[in-house]
Each structure stands twice: as structure tokens, then as C-alpha cells.
Amino acid sequence: MELANTLSQDGESRGGVLAHLERLETQVSRSRKKMEEPQSAQAEESALGTRIHELRRLRDKLRAEVKQHQASVKASTTNVEPDQTLEITEQESLKRKRENVKAILQAYRFTGISGKLTSRGVCVCISTAFEGNLLDSYFVDLVMRKPLQIHHHSIPVFIPLEEISAKYLQTNIQHFLFTLCEYLNAYSGRKYQADRLQSDFEAFLAGPLQRNSLCNLLSFTYKAEPEGQFFPFCARLLYKDLTTTLPTDVTVTYQGTDALSTTQEEQRAAHEDLFFTKPLHQVFTSFARKGDKLDMSLVS
Amino acid sequence: MMTILKTWNFLSENQLQTVNFRQRKESLVQDLVLLCEENRASLNDAALLDIIYTQFHRHQKVWDVFQMSKGPGEDTDLFDMEQFKSSFKKILKRALKNVTVSFRDAEENAVWIRIAWGTQYGKPNQYKPAYVVYYSQTPYAFTSSSQLKSNLPLLGQALTIASKHHQIVKMDLRSRYLDSLKAIVFKQYNQTFETHNSTTPLQERSLGLDINMDSRIIHENKTEKERVQRVTQEIFGDYPQPRLEFAQYKLETKFKSDLNGGILAEREEPLRCLVKFSSPHLLEALKSLAPAGIADAPLSPLLTCIPNKGMNYFKIRDK
């Protein structure tokens, strides 16, 4: 350009050529520019295009992330429910366990002796049974003190509780309970036999069964067959041992006015044996089943 | 009346149906007497009817309690009811020719005995009989208080020997309610026991007081009321009390006074007086004293020991 300026100071003609050159130069630069512009526009275009691509990519990426997040949130909420149900089943299982334990404690009475702690000691329950039948339960409420005391009880008055306590309560409580258990079970068993005889075999007895509180003396007049009006035998059963359910003494006498025949004597003796060895109601069950003929095989 | 006659089982169904039970008492009695004569009623039948009537109306009599004792180390008691009855009758008849003895079995193990006492030369008085109720293989016998007190030792002797005991003592226990007396001496009144099978919680206690309390007074003395309830429950339990009509205290104690001086204060001899508590249901009444605010809790042991000791007659002397 300095050349152009120096040229212009020389003269007008030169200005013309120089100006012309100048003009040509600018034309060239313009055209160059014009030629460059689409290139830059293109470059810009392509730059923008790439930017668009980038943004699109970013957008898709973010969209994908959002979706994933939503999905994971959903997944996490569904994961929360199994936790809650786990809690509930824990509760239920605890409840079931507790009821199970309670049921076991309740079922303990089937062992014969069970107990429950009380505020002052323990309440012992003696459940009696005979031949697999569960009979009455009796209670002894003990106060844990020195000396050990019985607060109250449901033992019948004719069971020698005072005697048994005097012997064992202070020294050996296990023995006390077992002895009491023995007496009560034996009493329950004898009572069961007497009750069954009275109720189930009334037809075999002439008149009521004679008994006492302990059911340790039974006396009755009976016949051994379901038919017939004659009650030929009179039995007297003594249970001198209060811990047993079978008699210690048996006397069977013949009631008839006529002389005792041999068959009747055999019967009488056989009956005595039966009463010694079998529970009372079972003897009469065998009478009812066999009818006239007494099955000697029953006599062990 | 129908139940009693049916239980007696002496007049047949047909005969009973012919009787008009709605007529006047005198005519009704006449009709029944005619029927009895038809059936040839004996003294024993009449005595049996008397026993049945008394069994149904046992509260009409006042019952005493006797306690028997055996010697130590006796054999097992093989009580034979028939032996007892015949022995009892024999002993009475041997001592007193003019006596009517009748028996009626009751429950599984008890016997009711009716005794009409006569004298050496006089026939038995059938209108003032004595009754005895005895449960086999127990040391207790219940007798209706008889006016003829002179025969009591003989009765005691007959009971003792027939039941194979050695001694008999009259207890200081008396009431109209035979079943309550039985519950007291047989220790059957407190029959609630804690088990794992019981569903009712023991801590439940109904404070019946709340109904009567003024609704504006809510918290007044609440702790004290609760203490009273607790103490009462500890002493009397949750079970229904046996029924007695009175408790009698014969005091022979020296007069005690806070005041100095006074005429009675220097008296050396004991003062004799009788304190008697009466009630349709004495023990329930005593139980309600402290919760009702009439007495302090705990009550005097003289009052609360009644069922435990089996006494409602007390003699109190200075120690």
C-alpha cells in the first residue's frame, strides 16, 4: 500500500494505474473473501452440524439416564414391599411361636403333674387318669416360704394330705408330690371303676353298689349273666393299699339257699380270681360278653 | 311338696294324681294320710319322709359341727356303711331302749341319720328328732342342734365308735347353712387356682364402688381406695364366701381405757361382755366393710380368721 501512496504523490496517471491495481487488489481480496466465505460458512455449518449432533447425543443420553433413574426408582419401590412383608411374617411367626409355647404349657397337664408360678409360689396341678381316660384334676397351691406351706388346695378331705405333708413336704418336695400323685391317681381309678359298675352294669346288680368316700370298700350282690332274675353272688372288695386300683382282699359268697353245686363253686372261685386281677368294670364287661359260659382263659 | 313326695317314692304316681294339692292344708293332709294308711305306712316310712323334708329344708335347722380324731398310726380306714349304720343303731339302742334311728344315704359317701329320743319309760318323741349328717372317712359330723342336750354325749359316743374314731369334740362353729359349714371344714371354699388353661386374667377386679361414687369426685383418695381393694382381695380372695349368719365374741378381758381415771379403769377383774355380729351373709358383709369405707383395711384378724380357723364362736381372754 505504501507503494500505492507513493505512487499517488507522483502523479495522476500513475494514480490511475495504481488505483486500478488497488481496485483489482481489493476485488481479488473480496472475491477471495467471497470464496472463503462459503468455506467458512460451510465450516460454520459443519461446526454447527457437529454441535447439533453433539447436543442431540447429549439429549439422548440424558433421556436415557432419566428413564433409567425412573426405572430404578420403580424397582426400588418394589423392593421396599418385600421388606414390609418380611416384618409381618416375623410378627406372625413370633405370635405362632408364643401360641405354640402356650399350648405346650397347657398340654403339660397330660403328663400328670404340671404347675404354674404364682405371685407367692407355685400352683401344682395333679391330673389323674386311669386306663387312658383323663379324670379329675387336683390342685395344691404352695407358698414359697421357710417352712413351705400349702396355701389352699382341692384335695378331698379323706385323702391323708396332712400325713403326707408331715412326712415329706419340708424335706423332699418331689417325694411329696409323687406320693400325693399316687394316692390321687389310685383314688381316681377306684372311683372310675365303681362309677362304671354303677352306671354301665346296673342290670347285673341287685340293689345299689355299697361304697365309701375312698372307694376302698365295695360290696354288691350280682349275677354273671344278663338274663335271669336270680343274683347268686355277693362280692366284697377291700383295697387296703390306698395306692393301688386293684383290691387286696376279695370275698365272693354264694347267696342261694340250695347247696352249692360244683359248677357254681368253680364259678365263685373263678370270679374271685377275676376281681383280684382285672379292674371291676372289665370283669363285668367279660360277663356281658360271655353270657353263660365263663371263659376260663380270662383267668390269668 | 310334690318333689318331696316323689322323692319319698312311697305313694304311687296314680295315688298322687288323685290328690288335689290346691285345697286347704287340713283337707290336703287328710287326703295324704288316707293314702298312707292305704299303703300301710310304717314308722320307718314316716321317718324317711321326715328326713327327706329336712334335706330339702335344711336351712330351717341350726347345725353344729363335731370333729373326731383317731389315734396315731391307724390302719387304713375300710369304712363299711352298713357296718357303721348297724353299729351306730346298736350303741344307741343298748343305752336307750326307746329310740328310733333311721338312715338315708345321700350323695355318694354321706348318710343322714334321724334320731327320735325317748326316755327310759317314755316313747320316743317323734316331733323333736335330732339329725346327723356324716361323710364317710372324714373326721367331721354335722348335727342339728337338738333341744335335748342331755343326749348329746351318747350321740357323740355312738358316732365315734361306729366310725372307728377315738375322740369327739364340738367345734365352735354353727350355722343354718349346712353346705357352707361343709365348705369351711372340708376347706372347699377357695377353689380358684392359677393354671395355664385359665383364660380370665387374675388382675381383673370390678370396683363396684365406682357406680355409687359421685361423678364429680374422680381422683379423690384413689390410691387409698386401690390399696383397700388390694388388701381386701388378699384376705378374702376372689371366691364366694361361705354363708354364716353370725360371729360371736365372748370377751373376758380387763377394761382398757385411754382416759386416766374412770370407774372401770382400776377394775382388776375382767369385764365380761358379748359382742355379736349378725348378717344374712356375714362373711360377704365383712368383706365389703373396708371398701365401703366403714372400717379400716386390713380388718381385725379376729374377723378374718373365721373360715380359716373354722370358728364363729370366740372366747377372748387376756394373755
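Summary table below
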| quantity | calculated |
| --- | --- |
| Residue order, fewest to most beta carbons within 10 Å, for A:Ile113, A:Ile159 | A:Ile113, A:Ile159 |
| Mean Cα-pair separation over length for region A:146-289, i.e. relative contact order, pairs under 8 Å, 6 or more apart, % | 18 percent |
| Chain A: angle of helix A:173-200 to the longest principal axis, Cα-based, in degrees nearest 10 | 70 degrees |
| Helix-only mean residue ellipticity at 222 nm for the protein assembly as shown, each DSSP H run of n ≥ 4 adding -39500 (n - 2.57), per residue, nearest 500 | -14500 deg cm²/dmol |
| GNM flexibility winner over chain A from A:His271, A:His53, A:His281 (Cα, springs under 10 Å) | A:His53 |
| Dipole magnitude of region B:1-60, debye to nearest 20 (Cβ charges: Lys/Arg +1, Asp/Glu -1, about Cα centre) | 260 debye |
| Rg and Dmax [Cα atoms of the protein assembly as shown; Å; Rg one decimal, Dmax integer] | 50.0, 199 |
| Inter-label distance for B:Glu284 and A:Arg145, nm, one decimal - labels placed 7 Å from Cα along Cα-to-Cβ | 3.0 nm |
| Between 0 and 90°, nearest 10: helix B:43-56 axis offset from chain B longest Cα axis | 20 degrees |
| Per-residue average of Cβ from other chains inside 10 Å of B:183-196 | 6 |
| Low-density loop cleavage sites - GluC sites (Glu not before Pro) in region A:138-210, where at most 11 other Cβ are within 10 Å (DSSP) | none |
| Most mobile of A:Asp273, A:Asp141, A:Asp60 in a GNM of chain A (Cα contacts under 10 Å) | A:Asp60 |
| Filter on A:Lys116/A:Lys191; B:Lys25/B:Lys61; B:Lys89/B:Lys276; A:Lys102/A:Lys240 - keep pairs with C-alpha separation over 30 Å | B:Lys89/B:Lys276; A:Lys102/A:Lys240 |
| Candidate lysines for bridging to B:Lys225, where Cα separation is under 23 Å - those fewer than 8 sequence places away on the same chain excluded | B:Lys287 |
| Dipole magnitude of the protein assembly as shown about its Cα centre (Cβ charges: Lys, Arg +1; Asp, Glu -1), debye to nearest 20 | 1940 debye |
| Segments B:15-21, B:78-84 sorted - mean Cβ within 10 Å per residue, highest first | B:78-84, B:15-21 |
| Lys, Arg +1 and Asp, Glu -1 on Cβ, resulting dipole of chain A about Cα centre, debye, nearest 20 | 700 debye |
| Sites excluded, trypsin sites (Lys or Arg not before Pro) in DSSP loops with at most 12 other C-beta within 10 Å, longest stretch of chain A | A:146-292 |
| Cα shape, region B:14-59, gyration tensor, a/c 1.5 rule | oblate |
| Selection from B:Ala295, A:Ile113, A:Leu274, by position along the positive dipole direction of the protein assembly as shown (Cβ) | B:Ala295 |
| Within 10 Å of each Cβ in B:81-88, the average number of Cβ atoms from other chains | 1 |
| Top of B:Glu13, B:Glu224, B:Glu26 by mean-square fluctuation, Gaussian network on chain B, Cα under 10 Å | B:Glu26 |
| Peptide B:134-140, shielding by other chains (average Cβ, 10 Å cutoff) | 4 |
| Whole-Hz ³J(HN,Hα) from phi, Karplus 6.51 cos²θ - 1.76 cosθ + 1.60, for region B:248-258, glycine and proline x | 10, 10, 9, 9, 10, 10, 6, 5, 10, 9, 6 |
| Mean separation of Cα contacts under 8 Å, 6 or more apart, over the residue count of chain A: relative contact order % | 8 percent |
| Stokes-Einstein diffusion coefficient of region A:113-188, Kirkwood radius over Cα pairs, 10 °C, 1.306 mPa s, in µm²/s | 125 µm²/s |
| Selected from A:Gly256, A:Leu135, A:Thr285, residue furthest toward positive end of dipole (chain A; charges at beta carbon) | A:Leu135 |
| Rel. contact order, % - alpha carbon contacts under 8 angstrom, at least six apart, chain B | 16 percent |
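Read-outs: derived from the displayed coordinates by stated rules, not from any lab. From a predicted model like this one, the values you see are computed outputs, not experimental measurements. Positions of Cβ are generated from backbone atoms using ideal geometry, with glycine treated the same way; all protein chains shown enter the neighbour counts.
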